[in-house]
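The values are calculated or read from the model by the stated rules, or taken from the named source; none is laboratory data. What you are looking at is a predicted structure, and each value in this text was computed from that prediction instead of being measured. Every residue, glycine among them, receives a Cβ derived from its backbone with ideal geometry; neighbour counts consider all protein chains shown.
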Amino acid sequence: MAKVAFGAWTDKNESFTRKIRANRIEEGVGIDILTKKAGIERSTYFSHVRNPEKITLRELRVYCNTLKIPAESLISAVYEGGD
């Protein structure tokens, strides 16, 4: 029988997702553009947004540069759950 993991969605996941989504909209950047620049598939993007610990440094840099997010802000959202 499959195990159920409670609490998999944490504040840091929500903070990161909120920050990425808000900046994508603000900058008018579609998911396809972001994934192409990051060199990943759409499914990988969604997987990484749900589980930020799996994001590579390269992806993080692309998100910061493309979405004009200060690196410290995005990194803190991934590792500390902060804004």
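List, please: which pairs have Cβ atoms under 6 Å, are six or more places apart or on different chains, and start with a residue in region 30-51 that is closer than 20 Å to Asn65 by Cβ and end with one that is aliphatic (A, V, I, L, M) and in a helix (DSSP H, G or I)?
From residues that are closer than 20 Å to Asn65 by Cβ, the pairs are Lys37/Val62; Ala38/Val62.
Can you tell me which residues in region 44-83 are modelled with pLDDT of 90 or more and at positive phi?
Lys68
Please work out if Lys68 is surrounded by fewer than 12 Cβ atoms within 10 Å (Cβ to Cβ) and in contact (Cβ under 8 Å) with a residue 24 or more places away in the chain.
Taking the combined requirement at face value, the residue satisfies it.
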